[in-house]
Each structure stands twice: as structure tokens, then as C-alpha cells.
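The values are calculated or read from the model by the stated rules, or taken from the named source; none is laboratory data. A quick note: this is a predicted structure, and the numbers were derived from the prediction, not measured. Here the Cβ positions follow ideal geometry from the backbone for every residue, glycine too, while neighbour counts run over all protein chains shown. Note: accessible area is taken over every heavy atom of the protein model, side chains too, but ligands, DNA and RNA are not part of it. Shrake-Rupley method; radii C 1.70, N 1.55, O 1.52, S 1.80 Å.
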Amino acid sequence: MVECVHNNYRHHIGSHEEIMAMQAKHKVLATYSYEPTTIERGYNNRTLYISVGGEFDTSAQDPLTASVTGPNGIIIGEKAVSEDMKKKFVGGKGFDLYHLWKAVKADTQWNDACNDIVISPGPLAGITQYPGAGKSLVCCISPTTHLPVDSNVGGYFGPFLKFAGFDAIELQGKAEEELIIVIDGNKHTISVETAPEEAFDSHILGEQLTEMYADNEEDKPNISVISSGRAAENSYIGILNFTFWDKRRNCLRLKQAGRGGIGTVFRHKRIKAVVIKYSGTHANLNNPVKPGLINAAGIRLHKEMSLLDDRQNGMRHIGTANIIEVMDKYDLLPTHNYQYGMHPETPKIASKVFIEKYITQNVPDGCWYGCSMSCAKAADNFELRTGAYKGHKVCVDGPEYENAGGLGSNVGVFDPRWILEANFYCDTYGLDTISMGTMTAFAMECFQRGLYTLDDTEGLDMRWGNGYTLNELMHQMVAGDGFGMIVGKGIRHQKRIFAERFGKVAPEYEYMLQGKTWNAIPVPEEKVVLTNVINPDLDDCKYLKDENYDDKAIMESIKGTPLSNPGAANDSAFVAHPQRWEKIEGIPTISREEIADWPVGKPYYSTDPDCEYTNGRPWVKMTQEQVDYMNKFAMENKGLEYSEYLMKESLAQQGGYALCNKGAQHDEAWLIFMDMVNNQIPTFEDKAEALHYFPMFRTWFGLLGLCKLPWNDVTPLDNKYEAEPAKIPGHVRNYFDIYEGVLGERLDEASMVQQSERVYTFQRCFILRMGSGQRANDFPPVRSLGPITKEEYLSREERYDKQILDKQGIDVSGKSVEEKIQIIMDYRIDQFEQLVDAVYLRRGWTPNGTVKLEKLIELGMDIPELVQTVRPYLKAEGYWPTGEEYAKYENM
Amino acid sequence: MKKLKVDYTLCQGCGACELACSKLWFKEENPAKSAIRIFKNPGTGYNIAVCDQCGACMDMCSPMALSRDKNGIVRIDKKKCVGCLICVGECVRDYMYYHDDLITPFKCVACGACVKVCPNGALTLVDEAE
């Protein structure tokens, strides 16, 4: 048995006595006692509603069936869950969006008090027999996309919430002081209390609250805490950490609701934490109708995991990070802001390195009971080298694949220590590792391409591979100062701030600088570093052996070139040297609104509230040409940073990202493996169908409270004999079994997809209501479609030349690289547009991406809110249907 | 280390052990609730499927409900067990049992109830040195 009790950060948490003294400082503002219920077929049939304070319009929301109030507008109460709500919205993300729709208006901003963080675990969540059944889905209006965002998360909170008696919790309002919410699922009480002295960062705060509310050591696994961190407040990419107590490690573990800045909203509401306590977890708390079906399905999957995982994905050894080298091999590992898909230094961050040096092995690492996939890996006793916890030995939750991609290859960091350090700080400071990686990659590329200089970053070296910088940006977000304050706002805001700020001073305005110049140290030019080395003979993609790499020879060949990792070679060389400029007399300060009409190239100072950081250098607007150039490689869609798969060569994945309702996340359609590695969707029609089926199928997990990984990260031995192996039909049948086991009804593929389609369509209409959800919003940054720079083209020149000849019938000999880029990009953009046409048609939308009324009727979602939302668009587009049967929708 | 020793060659497949086991632990004579199971071999003779206390299941139990007692017996702490059945899946020889009426799995704890009723002496309780 492995015991991992050496993580030495405990002294920072405080002794038991000190923690109880903290609790003594709490002031209870409101308490609520509720009637216990028995869960019926996975549902409690009620929602917990909490307003932490403030005044806002709640008239459109479902009424409270019981409630208490406290000072400053605090409310704790309950809402009923109707049969219609269960039928149309199922649970999880469906319930979240249902409540969120009623809480907000079309013009609601993320920082309005009415913004509603809704957390729901779904009717299957909490069963312990089937792997991956402890997920919570979290929704709110996002600070980065201004749209409803959904994020799924493990940890024990969701199941405990359900066992405590609620199908969802809504957190609305804005508190006047730092609050915590405490739910005792055994005593059936809820309290809102001030919490002035507890820490903010999750790994400390979570342990403090677990210690505070557990009766004794044995009771600690019965506590789960939701919290964020200090950097979430100063950025737009805040996450929520959901904790569970790891008995074997004897320390707290953190799982993240990562995407879309939900933690930023949480901290803006001044909620420090939500604590839940429930003891008595067992297998059948959902009161299932047929527990035998659940038991049998669970054991089938446990057996597969036990027998096949070592041969297939190695999830039990390294979790999702098992694919790092596979992605690299297939040119899919995002490198240097998605320019390349592979890198000679990838072996330094290959899964083997993490397994052998960092990740504690042979520990059951499920993020909820019963997960034999056990992918929630952790590195124990990891010593931090920077930041607030420098010198501490901590438990790092990860790295997951996305962390290794985003905080590693995509920013050119090929040092596992920097990746783990950034992983840790992202979690405890409350930052999304994916957005952090992608937006740092964008900022780094802008720097490498000379759009701004060291003078703009106070000496923070933004070159590829600087692991110190990566972590320093986060420390700056905590401090609320420094270049990290721009980066932390996300790519959509970075684009605007860079465009307003990092232009070159036009000659006619140089006099305004009064002779001051900036002595920027030169930034090395981008080098073409990679060639296409895809190996078409590779048949066993799933479990690569390391003999494919000659690590030493590669390292030798790149020694001393820009490719070798500067951050790893010399940490101290990259310490920022803070330097601020005196304000220059005579340069005017203008408001945010005045920037639009300000001349390009003319210096100014701004009072932009989105950019507290200024180093004294005056701002200068970029030319439109520079802005257009920058936008080509700004990897966000609908305001959400891309996750870490190089989609450039996979049309299906390009669509999977760009058509995603919440922005560029792969959870709706992770088709890259199917498309590029397993070649399961070769034709155009296959891809369009996959972009219908998989987003719908995958949405279903979020309605029920399930994790997707046990669906396809282990495959039954007989899967290849199935009619449609890509769907893993054996596992889909398991889901029909556990659904029937809990709810008593049998689903089939059509009814399963229909459940999802209702909620998916609702979400599409929701983003339309919030000002997105049209075809233009689904268009991606062009880098996602193909090579847009010389370097990218040249890195795969042979392949691209051949593609142009094969697919377009054009002989490129004698043409310049620029001409060839134009030719291939014209073709690829056209391909993408055709794909969008096909997908919209398949989904029952207009060519502009609006959900047709006929589709709403077919799904039974012809409810007034949705009809009113799509009606003006359908009328303007000429798709409003005529005929007697549609007359009632005219005035609905 | 105490454990149940089996001699397949002596087993006649009467099933008395299964009934004695379920009767002792679950108050009913039901082979599906027995921690020892007798299977007819495809050829001749019988297989006796009962835990040999190897302990491989213990490592995958996240609530740490499985542990070895001072006699070397692997035991399930029902208060800690959450009924996830990972141990059932993890046992390569299928010696960990479950029943849909129950919320926790069960296994042989070498109590010896079956030894007493075996008419052929196929089962014995032994104390093996580590």
C-alpha cells in the first residue's frame, strides 16, 4: 500500500486550535432548516436557492416554496423541480441552464448581481458502482464570452449535494463581505456565515474548512468544499475547485470546473467557499429501481479497466496525459501557439517522464467513489520554486493532458517541473490551465513577432519556453499588478488591449514623447524548426513505445539553438526587472469611449477599467493591418480560448471547436483522434454526421452527472466487431443499463440523443439571446484552419504542396510560399464553410445558424422563451414558417 | 496467516459449504449469497472458488475499507465500504462476491463454517507461516 503523507505545506494551514479560532470569528447571518427527503429515482425534486445579498429583479424566476432571509438581502430557500422540467431538461447542465435563463436578461453582464452560478449533479450522479458517476455541472454567464458557459467537475460536492436533499444549488447576488455557505446534509441545515480570516487559495482554504467542519480525522472524506483563489479575482479565467479528501495521501485534492471564468464570478460575489458535509455514502442512495443492472454494468467496466488499461491507455498510471507523445507523433500536439503539432523536445515531457519521476503510482485516484479508471493522478512532495509557496512541498493535481499541452508545448515549455509548478498555481490561485496556456501562447507569439517588447512587460521575457514567465504571470495576477493583469483577461481582451496599446508611434507624433525612446532588447525571429515526420506505418497508435524517439540525439542537435529550453537552462536569467516610466507631460488621458476615434499612432494614456496595469509607457493604437495580422492567430472562439488539440489538419475538429456552444472547447466533439489517428470518419458526410451525433451524445453525460472518460478511454475487447466502433456501443449499452437501473425506463440511442438535443438546442437559443449564436460567431481564427505564416507552411511544405495538387489539382511549382498559403487557405476556408452548411442542415438550423421553429416543435421545446428568441431572426432570414399550424407561435 | 485450504480432488459438489456460509452470514440458505462457490468443471471434478487472502483488492479501495487483520484475513469494514464493487472487478479470480440485495460486497473470512459441514474433508482451516 502506498502512503503519501510527506506533503509539507501543513504549517501554512494552521493548527486545529488556530482553525477553530478562525471559526469562532464567523458571524452567522442566516440559517435554514429543511425537511429531509428520500431520493426517488435519482431526484430530490427540489433546488436549493441562495442569494448572498444585494437587490435585483427575480420576477422571472421560479417561486421559492420556503425560505428565510438574512441581513443585506441574504436569502436561503427552496424551489420545486417539476415533472416537465425533468422531462425537458433531465438534470445537470439542463437544470443549470433552466435556472440561469430565468435569472438573467439578454443584457446581463457577468458582474451583475443577478448572474447565477448553478451547480447540478444530475440524476445518475452519486451511484458508486459505475466509474465516473460523481460529476457536477456548473453554469453561469461567463466573463470571457458573455454567454452561458458550462463546465463539468469531479470531487465529492455534487453527490453530497444530492444526498443532502437537492438536485441543484443556485448562487445569486453579491455579498457585502466575505461569506461562506455551510450545508450539513445529515442535520439538514444550511447557514450563511462571514469568514474573515480563512485563506483564499484553494489548497489552504480547502484544508482549513475540512479541518473545521469534520468531526474527526475519519470524518474528513465526508466534507467537500467549493472554492477559487486569489488570481481568479484579478483575471477573467477563474475556476472553481471542488475538493475531496484523499484518505490514502491524507491530504486534500482539487478538481476543477475550469472553463469560462466561473471562479471569477464566484469571487466577484464574494463567496469564499461553499462547504458541504454528508456522512453515510453508500451505493444505492439514489434509490434505484433496478440496482442489479447498475451492479452488473459497473463490474463489467471494472473488469475491463483491470484487464485492459495497461494494454490500452494507461489511464491508471498517468491519466489523460498518456496521449502527450501520441499527439506529438501525429502532429497534433499544439506547439508555439498552434503553429506546429510536434516538437523535438516532447520526449522531455512524455508521459513516461511524469510516471517515473513525479506521479505517485498504484493509488486509487478516482475523483468520486467507484471510479476504477482512476485518472485523477497527482504528483506528491513536489517542491515549488517560485511564488507565494516557494519551497513548499505540495501535492499537485495533475498534470492532465491539457495541462501538459497548454502549460507545456503550446508555450514552448518542455520542462516537467515548470509544467507541474504552473499546474499547481493555476489550481490553487483559481485559474483555468487551458485558458492560461492558450492565452500565454498568444501573448508569447505576439512578443516573438515583435508586436510589443520588454518595455511593455517591465522586462518580463515572453519568449517561448520561459517557464519562469509562465508562473510569474500568475503571481502578478495575484498581486494585481504587472503584465499578467493583461494576459489574465483572456485573448479577446488581450486583442483589444494590444490593439489599443502596442502600436508604433507615428513619426508625426514622435514629438509628444519629448525625446524619450525605449531600448528594447532584440527579440529573436521565429525559426522554422519542424518538418513533417508523420509515420504512416504506425499501426498501434494507442500505446507508443519510447524507442520511437532518440532523445539524446535530438537534444544534442538542438543545443544552443532557440529550441533548447531557455527557462530550464537558467532560471535566474529570466527574472523580470521592474521598470516603470515617469508619466510624460503633454500626453492626454482619455476615456475608454474616446479610444475608438483616437488617431492611430498618436500616444495617449487611458483609464480603461479592464487594464489596471500600466508601466507608464503611453498607449498607441495599432494600424488595422497589424490588428488583422494579430487576429489571425488569436486562438479563441466566442471569447473562449481553444483547448489543447492542434485542429489545423482535421476539418472535423475545426468544426468541433468552432461550432461549440460555449466557445472553443473540445468537450462537445472530440473528433481529432477519430479523424486523424483512427481515420474513422473519412468522408465529408461522415464528418457532418459526427458533428451532429457526438455533440448530442456527449451533452448527455452533462445532463446525467457522468464523466465521459470511462466511455471511450477504455474499449471493450470486442469493440472492433461492432457496427459502429467509434461510438463504443458496448459502453453505450452500459449507460442504458445504469439509466434504467436508477430511473426505471430504458433508453435507446434515439431517445438518448433526443434528451441531449433538447438541452443543446436550448443552449443554442440561449447564446442567441445573449448576442451570439449566429454563423459569424461560429467562424474560427484562421490559424485553426491551416497554415497562415511562412513558418507554418514551410514546416509541412511537402505535405501541403501535395494536398494542393491532390485536392485542388494545382501544380505549385514555381509559386512563392505566400501564393501557396493563399491557395491552400482559400480552399480550406471553403471546406469549412461547406462543413458548417452541412452541420446546420443536419441539426435543423438555418444557414445562418438559427434554430428553426420546426425543430423546436419536433423536440417539444416550442416554449415561449425560445420561440420569442428565434422569431425575429427567423423572420429576418425568411425562415419563419407559414401555415395554419404555426399561427399560434406568432403571438406566443 | 490463517486461510481456508481447499483440496479440489476431494470435492463431490454437494454444495453444503455454500448453504452453511450463506446461512451463517445472511441467515438464508442461498448459494448466491455464499462466499464459497462450487463449480462443476467442464471435464471431471469440481472447482472451489474461495478467497485465498492475497489482498490485491486492498490497493484499489479508495475508502480504505479493505484491510488485513492480525490473523492475515482480508476483511471488509462495512462502515467504510461505499459499495463501489471495484474490488469485485479487480479480483482476477472472481473470489470477491456481491448480491443485488446487499449494498456491500462480501468475501471469505476463513470462519470455518463450511469446514464443519464438508462431508469429504475437502476444506480445512490452516495457519500458514508468512
**Request:** Would you mention how many residues in the stretch A:458-480 are open to solvent by 10 Å² or more (accessible area, probe 1.4 Å) and assigned to a helix (DSSP H, G or I)?
**Result:** 6
**Asked** Pairs, please: C-beta under 9 Å, at least 6 apart or cross-chain, first residue closer than 23 Å to A:L293 by Cα and in the stretch A:719-733, second aromatic (F, W, Y)?
**Response** A:K727/A:Y693; A:K727/A:F694; A:K727/A:F697; A:I728/A:W711; A:H731/A:W711; A:V732/A:F697; A:V732/A:W711
**Asked** Under the condition of being of a type in the set (D, E) and under 22 Å from A:P159 (Cβ atoms), which residue from the stretch A:36-91 is most open to solvent (accessible area, probe 1.4 Å)?
**Response** A:E40
**Message:** Looking at the structure I just gave you, is B:I86 under 30 Å from A:P221 (Cβ atoms), surrounded by 15 or more Cβ atoms within 10 Å (Cβ to Cβ) and not hydroxyl-bearing (S, T, Y)?
**Reply:** yes
**Prompt:** Looking at A:V782, is it touching a residue at least 60 places away in the same chain (Cβ under 8 Å), closer than 30 Å to A:A296 by Cβ and crowded, with 16+ Cβ neighbours inside 10 Å?
**Reply:** no
**Complete:** Matching residues in the stretch A:69-114 (charged (D, E, K, R), farther than 24 Å from A:E233 by Cβ and in contact with a strand residue (DSSP E or B) (Cβ under 6 Å, 6 or more places away or on another chain)) number 3
**Message:** For the stretch A:625-640, which positions are in contact (Cβ under 8 Å) with a residue 12 or more places away in the chain, more than 14 Å from the chain's Cα centre (by Cα) and over 20 Å from A:V411 (Cα atoms)?
**Reply:** A:Q626, A:V627
**Prompt:** If only one of A:D811, A:D830, A:D862, A:D826 is assigned by TED's automatic domain parsing to the domain that holds A:R769, surrounded by fewer than 19 Cβ atoms within 10 Å (Cβ to Cβ) and over 33 Å from the mean Cα position of the chain (by Cα), which one is it?
**Reply:** A:D811
**Asked** Checking A:M892 against (1) closer than 25 Å to A:Y760 by Cβ; (2) not in a loop (DSSP other than H, G, I, E, B), which single condition isn't satisfied?
**Response** (2)
**Message:** When you check A:N734 against the structure, is it closer than 21 Å to A:I141 by Cα and buried (at least 17 other Cβ atoms within 10 Å of the Cβ), yes or no?
**Reply:** no
**Item:** Single residue of A:S235, A:S151 found to be on the phi < 0 side of the Ramachandran plot, in a loop (DSSP other than H, G, I, E, B), touching a Gly at 6+ places or on another chain (Cβ under 7 Å) and among the polar types (S, T, N, Q)
**Value:** A:S235
**Asked** So which of A:E740, A:E745 is in a helix (DSSP H, G or I) and at pLDDT 95 or above?
**Response** A:E740
**Request:** Considering each of A:Y369, A:Y330, A:Y338 in turn, give the residue that is more than 27 Å from A:A125 (Cα to Cα) and open to solvent by 10 Å² or more (accessible area, probe 1.4 Å).
**Result:** A:Y330
**Asked** Take the residues of the stretch A:318-374 that are on the phi > 0 side of the Ramachandran plot and hydroxyl-bearing (S, T, Y): which is nearest to the other protein chains (Cβ to nearest Cβ)?
**Response** A:S374
**Prompt:** Has the stretch A:282-290 got any residue that is under 27 Å from B:D100 (Cα atoms), within 10 Å of chain B (Cβ to nearest Cβ) and touching an Asp or Glu at 6+ places or on another chain (Cβ under 7 Å)?
**Reply:** yes
**Request:** Working only within the stretch A:590-608, note down all residues that are modelled with pLDDT of 90 or more and more than 10 Å from A:W619 (Cβ to Cβ).
**Result:** A:E594, A:A596, A:D597, A:P599, A:V600, A:G601
**Fill in**
Checked B:A20, B:A35 against criteria (within 25 Å of A:T128 (Cα to Cα), away from chain A (no Cβ under 14 Å), touching a residue at least 60 places away in the same chain (Cβ under 8 Å) and not in a strand (DSSP E or B)); the one match is B:A35
**Asked** Is the stretch B:59-67 home to any residue that is more than 14 Å from every other protein chain (Cβ to nearest Cβ), modelled with pLDDT of 95 or more, open to solvent by 20 Å² or more (accessible area, probe 1.4 Å) and more than 20 Å from A:A297 (Cβ to Cβ)?
**Response** no
**Prompt:** Across the stretch A:427-454, what is the total count of residues that are open to solvent by 10 Å² or more (accessible area, probe 1.4 Å), in a helix (DSSP H, G or I) and either out of contact with any Gly (no Cβ under 9 Å at 6 or more places or on another chain) or modelled with pLDDT under 95 (or both)?
**Reply:** 2
**Prompt:** Listed residues B:V109, B:V126, B:V115; which is in a loop (DSSP other than H, G, I, E, B) and away from chain A (no Cβ under 13 Å)?
**Reply:** B:V109
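Every residue, every condition in (1) surrounded by 18 or more Cβ atoms within 10 Å (Cβ to Cβ); (2) among the aliphatic types (A, V, I, L, M), yes or no:
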| position | (1), (2) |
| --- | --- |
| A:P618 | yes, no |
| A:M622 | yes, yes |
| A:A634 | yes, yes |
| A:N661 | yes, no |
| A:N679 | no, no |
| A:P682 | no, no |
| A:E685 | no, no |
| A:L691 | yes, yes |
| A:P695 | yes, no |
**Prompt:** Which pairs do you get when a residue that is assigned by TED's automatic domain parsing to the domain that holds A:D837, found in the stretch A:678-691, comes within reach of a residue that is modelled with pLDDT of 85 or more and open to solvent by 60 Å² or more (accessible area, probe 1.4 Å), reach meaning Cβ atoms under 6 angstrom, with the pair 6+ apart or on two chains?
**Reply:** A:A688/A:R842
**Prompt:** Can you find a residue in the stretch A:294-315 that is more than 14 Å from every other protein chain (Cβ to nearest Cβ), surrounded by fewer than 22 Cβ atoms within 10 Å (Cβ to Cβ) and over 30 Å from B:L85 (Cα atoms)?
**Reply:** no
**Message:** For the structure I just gave you, tell me whether A:E176 is of a type in the set (D, E), touching a helix residue (DSSP H, G or I) at 6+ places or on another chain (Cβ under 7 Å) and closer than 30 Å to A:S59 by Cβ.
**Reply:** yes
**Message:** Please pick out the residue among A:G366, A:G292, A:G280 that is part of a helix (DSSP H, G or I) and either assigned by TED's automatic domain parsing to the domain that holds A:K135 or under 27 Å from A:R41 (Cβ atoms) (or both).
**Reply:** A:G292
**Message:** If the requirement is being open to solvent by 60 Å² or more (accessible area, probe 1.4 Å), facing another protein chain (nearest Cβ under 9 Å) and of a type in the set (D, E, K, R), which of these qualifies: B:K80, B:K40, B:K70, B:K27?
**Reply:** B:K80
**Request:** Please specify each residue of the stretch A:318-360 satisfying the condition of being of a type in the set (K, R) and closer than 20 Å to A:C375 by Cβ.
**Result:** A:K352, A:K357
**Complete:** Quick count over the stretch A:273-310, residues being of a type outside the set (A, V, I, L, M), in contact with a Gly (Cβ under 7 Å, 6 or more places away or on another chain) and farther than 21 Å from A:R733 by Cα, is 3
**Item:** Test for A:Q665: is it open to solvent by 10 Å² or more (accessible area, probe 1.4 Å) and within 18 Å of the chain's Cα centre (by Cα)
**Value:** yes
